[in-house]
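Presented below is the structure to which this report refers.
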Amino acid sequence: MTSSNHLIVNKSDPLIGKIQIPGDKSISHRSIILGSLSEGQLKVSNFLTSADCIATVNAMRQLGADITMDGNQVLIRGNGLYGLKKPSDVIDAGNSGTLIRLLSGILAAQDFNSSITGDESLKKRPMARVIKPLVSCGASIESDDCKAPLKIIGSKSLSSISYNQDIASAQVKSCLMMSALYIEEESTFYEKTPTRDHTENLLEHLNYKIYRNNNSSSFKGGQKLIAKDIVIGSDISSASFFIVAGLILKDSYVEFSNVNINKYRTGILSVLKQMGAQIEISNVHKISNEYVGDIKVKYSKLKPINISGEIIPSLIDELPILFIACSAASGVSKISGIEELRYKESDRIKAMENGLKAIGIKVSSTQDSIEITGGKIIGGKIDSYDDHRIAMSFAVAGLISETSLIIMNTKNIATSFPNFITTLKDLGGEVYEI
Ligand code: S3P
């Protein structure tokens, strides 16, 4: 573990090679949570050993789960749906919105009270989106202004959930699905704009009966989750940093294998292709009820784009790196309907706008949109706002920067992609930790 917290990235030679991206973050969280609620023993392979997902392991251990980690393999001896114990201390979700939101759904339905909190960034993020629907089905949650820490008064008598999407959020949907596991009557979930369905896929993998059609799903609580090994594909959000790096750095050619390509996560690939990116997907197959495939990218001359609407949730975490692709494209790109980006680990519209301006790119924004004029990245110093995806996006920008690009506060990269810097160095990127 290094104590450096800043990066210098210089213009680099082409990135050429095949890289292994770590396991998907969303599925890693869900594997630990649902694995702990299942009956029997299961092994999770290619688990993401990042700070966020380790916070989930610790949280479930605090609730009595028997979890053993060996590198990126995790062994869980599930205690069943009703096997959780009252934690003796406050649960710490660290930087993870997924953990606090999904776990709140479970904690609201227990026969004990509990408290959950997080780091400074998490304590600023909106929790009303989960508190309100949980309370409307009988849950009791105390907080200051609907922000963490949350004190959750468990209740065994929640009423069935009829979820009608307000914000397109897989975390909100999944939080309510977690509660619904404990509600005997049927709960239904309707999404106007579909979001990642990893919770649904994993429940099915663990033999849980769900009725699904295009935009909705329903299930009864109290069914058994049957332990079954889980193999996790590589995280497309993490891969995207290297996909864009390969596209914008002249003569690059990068290959990835076994990347999770859940259809609600691949918006980034469609949009980059619209921009003229040479991206090839092959060897598509299913593992543990999720699609994975191999991806090859070649340096490409990118055109600007204009996107909004339903595509946004399918690339929500990839928007910062997409903005870097737009900065390297030949014209003005406009991305609208992205207000949600202001409520992530940082206000990502503000963080990207300030950073891009500092390195010579013309940008303007409104509350829910951004306009980026492609041009020369001249280099300079930017702040990551302690946000992993902002730090990694600017590290990629540094690869084509005229002068050095200095990125401040990059420790947080470890929340989602601990070996990002090593992977970048291995591929030939000129990057220094300071
Ligand atoms: C996630 C859903 C998304 C995403 C986050 C992970 C998940 O959040 O940004 O990184 O695992 O369900 P929202 O549901 O808030 O959009």
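The values are calculated or read from the model by the stated rules, or taken from the named source; none is laboratory data. Note that the structure is predicted; figures quoted are calculated from it, not measured. Positions of Cβ are backbone-derived with ideal geometry, glycine not excepted, and every protein chain shown enters the neighbour counts. Keep in mind that these areas ignore ligands, DNA and RNA; they rest on the heavy atoms of the full protein, side chains included. Shrake-Rupley method; radii C 1.70, N 1.55, O 1.52, S 1.80 Å.
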Residue within the range 226-245 that is of a type outside the set (A, V, I, L, M, F, W, C) and open to solvent by 20 Å² or more (accessible area, probe 1.4 Å) present: yes
Subset of the range 81-106 (residues that are within 22 Å of residue 227 (Cβ to Cβ) and hydrophobic (A, V, I, L, M, F, W, C)): 81, 84, 99, 102, 103, 106
Count of the range 158-169 residues which are away from the ligand (no atom under 16 Å from the Cβ) and of a type in the set (Gly, Ala, Ser): 3
Filtered residues of the range 375-387 (kept if open to solvent by 20 Å² or more (accessible area, probe 1.4 Å) and either closer than 23 Å to residue 120 by Cβ or in contact (Cβ under 8 Å) with a residue 60 or more places away in the chain (or both)): 381, 383, 385, 386
Listing of strands (runs of 3 or more DSSP E) fully contained in the range 9-101 that carry 1 or more residues being surrounded by fewer than 18 Cβ atoms within 10 Å (Cβ to Cβ) and among the β-branched types (Val, Ile, Thr): 16-19, 66-70
Residue, surrounded by the most Cβ atoms within 10 Å (Cβ to Cβ), within the range 114-128, restricted to residues that are hydrophobic (A, V, I, L, M, F, W, C) and within 14 Å of the ligand (Cβ to nearest atom): 127
Count of residues meeting criterion [away from the ligand (no atom under 16 Å from the Cβ), open to solvent by 10 Å² or more (accessible area, probe 1.4 Å) and of a type in the set (S, T, N, Q)] in the range 246-280: 5
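This table checks each residue for (1) away from the ligand (no atom under 16 Å from the Cβ); (2) outside the structural domain of residue 88 (by TED's automatic domain parsing); (3) not in a loop (DSSP other than H, G, I, E, B).
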site: 103; (1), (2), (3): no, no, yes
site: 112; (1), (2), (3): yes, no, no
site: 130; (1), (2), (3): no, no, yes
site: 133; (1), (2), (3): no, no, yes
site: 148; (1), (2), (3): no, no, yes
site: 152; (1), (2), (3): yes, no, yes
site: 156; (1), (2), (3): yes, no, no
site: 171; (1), (2), (3): no, no, yes
Enumeration of residues in the range 336-357 that are more than 11 Å from the ligand (Cβ to nearest atom) and either in contact with a Phe, Trp or Tyr (Cβ under 6 Å, 6 or more places away or on another chain) or open to solvent by 50 Å² or more (accessible area, probe 1.4 Å) (or both): 339, 346, 350, 351, 352, 354, 355, 357
Leading residue by the ranking (nearest to residue 98 (Cα to Cα)) among those in the range 317-335 that are open to solvent by less than 10 Å² (accessible area, probe 1.4 Å) and within 16 Å of the ligand (Cβ to nearest atom): 318
The listed residue being assigned to a helix (DSSP H, G or I) and either free of Cβ contacts under 8 Å to residues at least 40 places away in the same chain or more than 16 Å from the ligand (Cβ to nearest atom) (or both), out of 400, 421: 421
Selection count where residues are surrounded by 17 or more Cβ atoms within 10 Å (Cβ to Cβ) and away from the ligand (no atom under 16 Å from the Cβ), scope the range 211-225: 5
Segments classed as strands (runs of 3 or more DSSP E), wholly inside the range 231-298, with at least 2 members that are within 30 Å of residue 11 (Cβ to Cβ) and touching a Lys or Arg at 6+ places or on another chain (Cβ under 7 Å): 253-260, 278-287
Among the candidates 288, 314, 257, residue that is hydroxyl-bearing (Ser, Thr, Tyr), modelled with pLDDT of 95 or more and touching a Ser or Thr at 6+ places or on another chain (Cβ under 7 Å): 314
Considering residues of the range 293-316 that are in contact with a helix residue (DSSP H, G or I) (Cβ under 6 Å, 6 or more places away or on another chain) and buried (at least 24 other Cβ atoms within 10 Å of the Cβ) only, the residue farthest from residue 232 (Cα to Cα): 297
Some residue of the range 304-316 being touching a Cys at 6+ places or on another chain (Cβ under 9 Å) and either in a helix (DSSP H, G or I) or more than 16 Å from the ligand (Cβ to nearest atom) (or both): yes
Cβ-Cβ under 6 Å pairs, at least 6 apart or on other chains, the range 331-345 side under 22 Å from residue 373 (Cβ atoms) and of a type in the set (Gly, Ala, Ser), far side away from the ligand (no atom under 11 Å from the Cβ) and assigned to a helix (DSSP H, G or I): 333/326; 337/309
Residue within the range 169-180 that is surrounded by fewer than 21 Cβ atoms within 10 Å (Cβ to Cβ) and out of contact with any strand residue (DSSP E or B) (no Cβ under 8 Å at 6 or more places or on another chain) present: no
Filter result for residue 45 (closer than 30 Å to residue 297 by Cα, in contact (Cβ under 8 Å) with a residue 24 or more places away in the chain, more than 16 Å from the ligand (Cβ to nearest atom) and of a type in the set (Ser, Thr, Tyr)): yes
